[in-house]
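*Asks:* Here it is: the structure, laid out below.
The values are calculated or read from the model by the stated rules, or taken from the named source; none is laboratory data. All of these numbers come straight from a predicted model, not from anything done at the bench. Here Cβ is always computed from backbone atoms with ideal geometry, including for glycine, and neighbour counts include all displayed protein chains. When the accessible area is computed, the model is the full protein with side chains, heavy atoms only, and any ligands, DNA or RNA have been set aside. Shrake-Rupley method; radii C 1.70, N 1.55, O 1.52, S 1.80 Å.
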Amino acid sequence: MIFETHAHYEDSRFSEDRDIVLKSLAEKGVGTVVNVGSSIETSEKCLELADTYDFVYAAIGVHPSDIECLNEENLVWLKQQASHRKVVAIGEIGLDYYWDKEEKVQQAQRDWFWRQLELAYEVNLPVIIHSRDAAEDTMEILKRFHQQHPDVISPGVVHCYSYSPEMAREFIKMGYYIGVGGVVTFKNAKKLVKTVEAIPLERILVETDCPYMAPDPHRGERNVSYYLPYVVEKIASIKGISPKEVETQTELNAKRMYRL
Ligand code: NI
């Protein structure tokens, strides 16, 4: 079955029908969901969802655009929650220079990214990295991090991947998976299509980032995990293999990365 590696079902756009949507996923071919936190508040909600639904797991962490909610106390809370039986990753964490252009804010993003990488290391969990318009700094920080911690073999995923194929190879060399979502189905997705072509299927995870990033032909609508077959089919056509092969391999990849 399809493994949804990145969803935000705590989002208010699911307030009306969250339970119905989640309960319908299995019959629509989606077997497992990792619900990803982006703030302290949403991380708490991820834990609640993981407690409620067998097939839902949680990632907890603070997104670069939400770092105002982080402090030493919250970091301790995150570390404590990391031992919850259904927490499978620290994320999403990273850098987003698209929304934040100010150097002071970008420095704070780098600091908290580093602190959360260290946290993931301490609790021995993979990370889910969000990186937008910040390719060089992300690469630089991760290189420095892995030099300091050469024992990390499977560090995590670069989610909603948007950089070059060359850079994807660099991330893969460091042990990362590449998260591919709805964007790959867009007509103007040339760079991501090239990346999918260039990297082995064994390093690809499928994700929605729902409610965002709905694939064609649902672009602009609320995204849901049962639109993932569009992503799977597109990857299959790029690779010249069957959707079933993509589904099976990416599920295996996700289980490996999240250690399930
Ligand atoms: Ni996300």
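*Asks:* Out of (1) β-branched (V, I, T); (2) open to solvent by 20 Å² or more (accessible area, probe 1.4 Å); (3) within 16 Å of the ligand (Cβ to nearest atom), what's the single condition that is false for I128?
*Replies:* Single failed check for I128: (2).
*Asks:* Please specify each residue of the range 78-100 satisfying the condition of being aromatic (F, W, Y) and exposed (fewer than 15 other Cβ atoms within 10 Å of the Cβ).
*Replies:* Within the range 78-100, Y98, W99 meet the criteria.
*Asks:* Only residues that are of a type in the set (K, R) and touching a helix residue (DSSP H, G or I) at 6+ places or on another chain (Cβ under 9 Å): list them for the range 102-142, please.
*Replies:* Matches in the range 102-142: R110, R115, R132.
*Asks:* On to the next question. Take E247 and tell me if it is open to solvent by 60 Å² or more (accessible area, probe 1.4 Å) and in a helix (DSSP H, G or I).
*Replies:* When the stated conditions are applied, E247 does not pass them.
*Asks:* Another one. Do we find a residue being of a type in the set (G, A, S), surrounded by fewer than 15 Cβ atoms within 10 Å (Cβ to Cβ) and within 20 Å of A214 (Cα to Cα) anywhere in the range 5-21?
*Replies:* yes
*Asks:* What pairs can you find where one residue is in the range 91-115 and within 17 Å of N71 (Cα to Cα), the other is surrounded by 17 or more Cβ atoms within 10 Å (Cβ to Cβ) and at pLDDT below 95, and their Cβ atoms are less than 7 Å apart, with a gap of 6+ or different chains?
*Replies:* Q106/D100; Q109/D100
*Asks:* Also: Would you mind listing the helices (runs of 4 or more DSSP H) fully within the range 1-83 where at least 1 residues are within 12 Å of the ligand (Cβ to nearest atom)?
*Replies:* 40-52
*Asks:* Also, quick follow-up: Which one of V184, V193, V224, V152 is in contact with a helix residue (DSSP H, G or I) (Cβ under 9 Å, 6 or more places away or on another chain), within 15 Å of the ligand (Cβ to nearest atom) and either without any contact (Cβ under 8 Å) to a residue 60 or more places away in the chain or of a type outside the set (K, R) (or both)?
*Replies:* V224 is the lone residue from the list that is in contact with a helix residue (DSSP H, G or I) (Cβ under 9 Å, 6 or more places away or on another chain), within 15 Å of the ligand (Cβ to nearest atom) and either without any contact (Cβ under 8 Å) to a residue 60 or more places away in the chain or of a type outside the set (K, R) (or both).
*Asks:* Going by the conditions given, is L70 over 30 Å from V246 (Cα atoms), touching a residue at least 12 places away in the same chain (Cβ under 8 Å), over 19 Å from the mean Cα position of the chain (by Cα) and surrounded by fewer than 19 Cβ atoms within 10 Å (Cβ to Cβ)?
*Replies:* no
*Asks:* Among the numbered conditions (1) part of a helix (DSSP H, G or I); (2) polar (S, T, N, Q); (3) surrounded by fewer than 21 Cβ atoms within 10 Å (Cβ to Cβ), tell me where N188 comes up short.
*Replies:* So N188 meets the others, but not (1).
*Asks:* Counting only residues that are charged (D, E, K, R), in contact with a strand residue (DSSP E or B) (Cβ under 7 Å, 6 or more places away or on another chain) and closer than 19 Å to K45 by Cα, which one in the range 84-120 is farthest from the ligand (Cβ to nearest atom)?
*Replies:* Looking at residues that are charged (D, E, K, R), in contact with a strand residue (DSSP E or B) (Cβ under 7 Å, 6 or more places away or on another chain) and closer than 19 Å to K45 by Cα, I get K86.
*Asks:* Next question, about the same structure. Under 9 Å between Cβ atoms, which residue pairs at least 6 apart in sequence (or on different chains) link something in the range 159-174 that is touching a residue at least 40 places away in the same chain (Cβ under 8 Å) with a partner that is within 16 Å of the ligand (Cβ to nearest atom) and hydrophobic (A, V, I, L, M, F, W, C)?
*Replies:* Sorted first by the residue in the range 159-174, then by its partner, the pairs are H159/V36; H159/I128; H159/I129; H159/I178; H159/L205; C160/V180; C160/V183; C160/M213.
*Asks:* Taking the range 191-225 on its own, how many of its residues are over 19 Å from R18 (Cα atoms) and open to solvent by less than 10 Å² (accessible area, probe 1.4 Å)?
*Replies:* 7
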